[in-house]
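This report refers to the structure that appears directly beneath it.
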Protein chains: 2
Amino acid sequence: MCSDRIRLASLHSKITSAEQAAALVKDGMVVGMSGFGGGGDAKVIPRAMAERARQGNLKITLITGASLGSGLDGIMSDAGLLARRMPFQGDPVLRKAINEGKVLFIDQHLSQVVEQIRSGALPSPDIAVIEAAAITEQGHIVPTASVGNSATLALLAKQIIVELNLSSSPHLEGLHDIYIPEKRPGRTPIPLTKPCDRIGTAAIEVDPAKIAAIVLCESPESAATILPPDEETQVIANHLIRFFEQEVEQGRLPHNLGPLQVGVGSIANAVMSGLLHAPFTDLVQYSEVLQDSTFELMDAGKLKFASGCSITLSADCGKRVFPALEHYKDRLVLRPQEISNHPEIARRLGVLAINTALECDIYGNVNSTHVCGTKMMNGIGGSGDFARNALLTVFVTKSIAKGGAISSVVPMVSHVDHTEHDVHILVTEQGLADLRGLAPRERARVIIDNCVHPDYRPALNAYFEEACTRGGQTPHLLERAFDWYSNLEQHGHMLKP
Amino acid sequence: MCSDRIRLASLHSKITSAEQAAALVKDGMVVGMSGFGGGGDAKVIPRAMAERARQGNLKITLITGASLGSGLDGIMSDAGLLARRMPFQGDPVLRKAINEGKVLFIDQHLSQVVEQIRSGALPSPDIAVIEAAAITEQGHIVPTASVGNSATLALLAKQIIVELNLSSSPHLEGLHDIYIPEKRPGRTPIPLTKPCDRIGTAAIEVDPAKIAAIVLCESPESAATILPPDEETQVIANHLIRFFEQEVEQGRLPHNLGPLQVGVGSIANAVMSGLLHAPFTDLVQYSEVLQDSTFELMDAGKLKFASGCSITLSADCGKRVFPALEHYKDRLVLRPQEISNHPEIARRLGVLAINTALECDIYGNVNSTHVCGTKMMNGIGGSGDFARNALLTVFVTKSIAKGGAISSVVPMVSHVDHTEHDVHILVTEQGLADLRGLAPRERARVIIDNCVHPDYRPALNAYFEEACTRGGQTPHLLERAFDWYSNLEQHGHMLKP
């Protein structure tokens, strides 16, 4: 039945049910799973594991690439399966459990997860659960719509469960480029010098004897929900594209803007869509998640190559792209997230990084993760990998949220994910602040003048001016730095009524 | 007279006085200068420039490697010469001017300075002032006790002033390894795979036609003030060395601990001295500043190779080492700070990074720069380059300061330089907190139990426990997070009397 999908005959005997495969997972185990941003998740085995947890004592540490799609994180959390979860998530049910302290969440730079497992800083997986499009003649695993951390998780795990997705495109084979950095000491440079370089193998070269179970399924890929650009995101994209035009004109950016990294989310998506009508051609992407916009730009002849570690598409776009994968394949590569996000490569290539801020402050520090300083939203993801090492680092956000009750620019961010050192450009629908080469007091002036909503500008000006009277490299009124959060809690608005 | 020091005869006509050389510097210029941590500074020309500023209108932007020695930053600041200063300083007079807003200070990751000049994010130098030990037959510049940013500053400047230090050791020639990463796009990997690799040239290959003036001097190298270990720093070193022993035993660190990066300062110095009596051999350094401890460990047969970008020694150690440089030369290399601190190399080599924190918080965020959140101490320096990319990242600090009026562990740091993601190990004289793989609530428990001074432990416990009742991934009481700084200001003690 599936001899083209499992080409090592001796593995046919490993085919089993999701329930029996899930029974291999024991209480207290560390489980590695494929999946990044909703692409390439195992789909039936996590559900079977959740079911087992509901019936008895089963708690695990779960390590994935990044977030899982289809509500899987919520299903597993709800079943009480998850004791510890890393390195990223984006599920409302799991988020609630994390913020209630019921699931311990270790939020991490996505490029560093497997490096930390290798160094012993994080536990090594007992079992890896990997969605596959095929198993080769050698027993090697061909991933589906993401690589994420799947390769190293599978290589380090004692046992592997493969979830073979019969509905995945057979053209996924050959799309991936699996490269694992060598052991330290003695590691040599990662030999990647262009986004389109292929430096590894097409499949994950595991020892087939470790494959303990194969579960067949026919699950469709999770569909991403991407909001279309609204008026504000469109204006943000316009500010940014005008700025890029100037930078190219002045020779500070190459004509094709350099390798683009664009984060997940509606603003980033609007920026990418904005490039459809911008005067830049021969674009290339060196990014994490490839979204709808990648394929729109390819179809328009604007984007000539895209490197990522995951493909996550809306239902409509997925219906169009996955069956036509053969047509895009020579312009695409999926890599391990360690390589897609590697500091060595981001700096070498001179990536242009565009990511979304939850909030920023008048000095350019960015909070990407914690609502009001305490509640986790999703996680830092790859934003730090890119922001620190890019040629140009941009953060975008709308200037206000909740109908104006919240200003996204505050006196001092309630949690810092990216320090002032790593933020070159801030953009809101109000305008763009170019912070390069500026001292903190200059940055404050430029941010307040350009990025802040008019309703909040007088209050931020007053804070900054009073703070300056006290002196310092980075003037603040520490005793009032967080007043806006107290106001929000007490009065439902960051400014007192 | 100095034909062995200036070996390109046509340059002899460029010899001039410091005053005449300084007259090449015009108001508003961007000046690049050699110097890193007090090693390799030009000494007479900066004084002549300061003198000119005292006599008339002369304000410049000054870019160096890092801090200058011999009070030079103070002299230039005092003379009103400095309008803008980057990327690091450590001078009390300049510090005061910065915190009064009189000098605009751009605090930067030291690996990124010249990359940002190349990309146009920072201004390119009009003039470079470089201390040299010699000028070669080709007119290339041999630096003295540091490379810092000297190579790229000299290569990018329109004009170069060389300060030829006749008292510098002729054996400095051959010590340096000048490698400049290629242009982007098209940059290839930096071909360094071991701390002892030599990948560049022995001198800075400038066009000799750009050398506009050569000033001869006989200035001794600045002497560093390094405090000997006291009881607390000794205990910190002991905690850390015991931890390293366990890590080696469990196979998580190599027998020689891997390439060591150790920051400047008395605690870091105590740790290095502690290695004299520890059971580790074949140590290697891949660091920024090589201090007294480097040579003590070499003399003891413990350290077999040291790579840095600067040598900064106490007066006594300098008197011993510089005249004997020939003896150490095959075990030493000085590189541009872009390479000594490069993320690509730190990650590839698996550096063990030990740096000093000004303060940290219960979740492991570290403030390296801002006293009470506003006043600049020195700058972030290279700590972020290493902390983000090391195999193991350690921050050390005494648990209290000012006789107990200040706790170095606070509810929330008043300024973030290194986020929780980049901090693996925290050590005070109270003990060591291993934060690897822990969620924030677990980190708080481990830090409070192990690192906090007993006088502050109950207050931090109370803060943390009350914060937990409000929930969140990273529980806080925002409205009271900075109370300890207000207490300190009002009552002279972080805890209310």
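The values are calculated or read from the model by the stated rules, or taken from the named source; none is laboratory data. These numbers come from a predicted model, not from an experiment. Here the Cβ positions follow ideal geometry from the backbone for every residue, glycine too, while neighbour counts run over all protein chains shown.
Say we look at region B:466-477 and pick out the residues that are touching a residue at least 12 places away in the same chain (Cβ under 8 Å) and of a type outside the set (A, V, I, L, M); which of these is nearest to A:F88 (Cα to Cα)? Only one residue tops the list, namely B:Q473.
On the stretch given as region A:447-497, residues that are surrounded by 18 or more Cβ atoms within 10 Å (Cβ to Cβ), of a type outside the set (A, V, I, L, M, F, W, C), assigned to a helix (DSSP H, G or I) and within 9 Å of chain B (Cβ to nearest Cβ) total 2. Restricted to region B:239-326, the set of strands (runs of 3 or more DSSP E) holding at least 2 residues that are more than 14 Å from chain A (Cβ to nearest Cβ) comprises B:260-262, B:303-308.
Just give me the residues in region B:148-174 being closer than 30 Å to B:R320 by Cα and either among the basic types (K, R) or touching a Phe, Trp or Tyr at 6+ places or on another chain (Cβ under 9 Å) (or both), in sequence order. Selection gives B:G148, B:N149, B:S150, B:A151, B:S168, B:S169, B:H171, B:L172. Any chance region A:165-179 includes a residue that's under 28 Å from A:V264 (Cβ atoms), within 14 Å of chain B (Cβ to nearest Cβ) and touching a residue at least 12 places away in the same chain (Cβ under 8 Å)? Yes, region A:165-179 contains at least one residue that is under 28 Å from A:V264 (Cβ atoms), within 14 Å of chain B (Cβ to nearest Cβ) and touching a residue at least 12 places away in the same chain (Cβ under 8 Å). Only one of the numbered conditions (1) closer than 19 Å to A:R242 by Cα; (2) touching a Pro at 6+ places or on another chain (Cβ under 9 Å); (3) of a type outside the set (A, V, I, L, M) is violated by A:S307, and that is (1).
Taken over region A:73-85, the criterion of being closer than 26 Å to A:Q291 by Cα and surrounded by fewer than 24 Cβ atoms within 10 Å (Cβ to Cβ) is satisfied by A:G74, A:I75.
Within region A:150-178, track down each residue that is in contact with a Ser or Thr (Cβ under 7 Å, 6 or more places away or on another chain) and closer than 23 Å to A:T61 by Cα.
Within region A:150-178, A:S150, A:L156 meet the criteria.
Selection of region A:229-238 for residues being charged (D, E, K, R) and either assigned to a helix (DSSP H, G or I) or under 13 Å from A:P279 (Cβ atoms) (or both) yields A:E231, A:E232. The residues listed here are B:D434, B:D417; of these, the one that is buried (at least 24 other Cβ atoms within 10 Å of the Cβ), under 23 Å from A:I380 (Cα atoms) and in contact with a helix residue (DSSP H, G or I) (Cβ under 9 Å, 6 or more places away or on another chain) is B:D417. Pairs under 7 Å by beta carbon, first residue away from every other protein chain (no Cβ under 14 Å) and in a loop (DSSP other than H, G, I, E, B) in region A:110-134, partner of a type in the set (D, E, K, R) and surrounded by fewer than 21 Cβ atoms within 10 Å (Cβ to Cβ), six or more apart or different chains? Taking only residues 6 or more apart or on different chains, the pairs are A:D126/A:K158.
Inspect region B:8-27 for any residue being among the β-branched types (V, I, T), crowded, with 19+ Cβ neighbours inside 10 Å and under 22 Å from B:S168 (Cα atoms) and give the result as yes or no.
Going residue by residue through region B:8-27, those that are among the β-branched types (V, I, T) are B:15-16, B:25.
Next cut, crowded, with 19+ Cβ neighbours inside 10 Å only: B:25.
Next cut, under 22 Å from B:S168 (Cα atoms) only: none.
Among the residues of region B:8-27, not one is among the β-branched types (V, I, T), crowded, with 19+ Cβ neighbours inside 10 Å and under 22 Å from B:S168 (Cα atoms), which makes the answer no.
Conditions (1) free of Cβ contacts under 8 Å to residues at least 60 places away in the same chain; (2) more than 19 Å from B:N367 (Cβ to Cβ), marked per residue:
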position	(1), (2)
B:V452	yes, no
B:L460	no, no
B:F464	no, no
B:E479	yes, yes
B:K496	yes, yes
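For A:N389, state whether it is farther than 21 Å from A:C196 by Cα and either touching a residue at least 12 places away in the same chain (Cβ under 8 Å) or out of contact with any Phe, Trp or Tyr (no Cβ under 7 Å at 6 or more places or on another chain) (or both). Walk me through it before giving the result.
Numbers: farther than 21 Å from A:C196 by Cα: no; either touching a residue at least 12 places away in the same chain (Cβ under 8 Å) or out of contact with any Phe, Trp or Tyr (no Cβ under 7 Å at 6 or more places or on another chain) (or both): yes.
So A:N389 does not fit the description; no.
Please tell me if B:R441 is touching a Pro at 6+ places or on another chain (Cβ under 8 Å), under 30 Å from A:S124 (Cα atoms), basic (K, R) and modelled with pLDDT of 95 or more. So B:R441 fits the description; yes.
With under 22 Å from B:E173 (Cα atoms) and hydrophobic (A, V, I, L, M, F, W, C) as the only criterion, which of B:M49, B:M33 stands out? Please lay out each step first, then the result.
On the way: B:M49 fails: under 22 Å from B:E173 (Cα atoms).
The conditions single out B:M33.
Being within 14 Å of chain A (Cβ to nearest Cβ), buried (at least 16 other Cβ atoms within 10 Å of the Cβ) and either among the polar types (S, T, N, Q) or in a loop (DSSP other than H, G, I, E, B) (or both) is a property that holds for B:T193.
Of the residues that sit in region B:86-106 and are at the interface with chain A (Cβ under 7 Å from one of its Cβ atoms) and either under 28 Å from B:I204 (Cα atoms) or among the aliphatic types (A, V, I, L, M) (or both), which one is surrounded by the fewest Cβ atoms within 10 Å (Cβ to Cβ)? Break it down into steps so the answer makes sense when it comes.
Here is the first cut: in region B:86-106, the ones at the interface with chain A (Cβ under 7 Å from one of its Cβ atoms) are B:98-101, B:104-106.
Then drop every residue that is not either under 28 Å from B:I204 (Cα atoms) or among the aliphatic types (A, V, I, L, M) (or both), which leaves B:98, B:104-106.
Working: B:I98: 26, B:L104: 20, B:F105: 24, B:I106: 24.
The qualifying residue surrounded by the fewest Cβ atoms within 10 Å (Cβ to Cβ) is B:L104.
Of the helices (runs of 4 or more DSSP H) lying entirely inside region B:327-445, those carrying at least 3 residues that are under 27 Å from A:D107 (Cα atoms), more than 8 Å from chain A (Cβ to nearest Cβ) and not β-branched (V, I, T) are B:383-389. Tell me, please, whether a residue that is under 26 Å from A:T193 (Cβ atoms), surrounded by fewer than 18 Cβ atoms within 10 Å (Cβ to Cβ) and free of Cβ contacts under 8 Å to residues at least 12 places away in the same chain can be found in region A:321-336. So far as region A:321-336 goes, yes, one or more of its residues are under 26 Å from A:T193 (Cβ atoms), surrounded by fewer than 18 Cβ atoms within 10 Å (Cβ to Cβ) and free of Cβ contacts under 8 Å to residues at least 12 places away in the same chain. Taken over region A:224-264, the criterion of being among the small types (G, A, S) and surrounded by 18 or more Cβ atoms within 10 Å (Cβ to Cβ) is satisfied by A:A224, A:A237, A:G258, A:G263. Per the listing B:I354, B:I345, B:I339, the residue uniquely within 18 Å of B:V416 (Cα to Cα) and of a type in the set (V, I, T) is B:I354.
Can you pull out the residues in region A:44-59 that are surrounded by fewer than 24 Cβ atoms within 10 Å (Cβ to Cβ) and either closer than 24 Å to A:S146 by Cβ or at pLDDT below 95 (or both)?
Filtering region A:44-59 down to residues surrounded by fewer than 24 Cβ atoms within 10 Å (Cβ to Cβ) leaves A:44, A:47-48, A:50-59.
Result: A:V44, A:R47, A:A48, A:A50, A:G56, A:N57.
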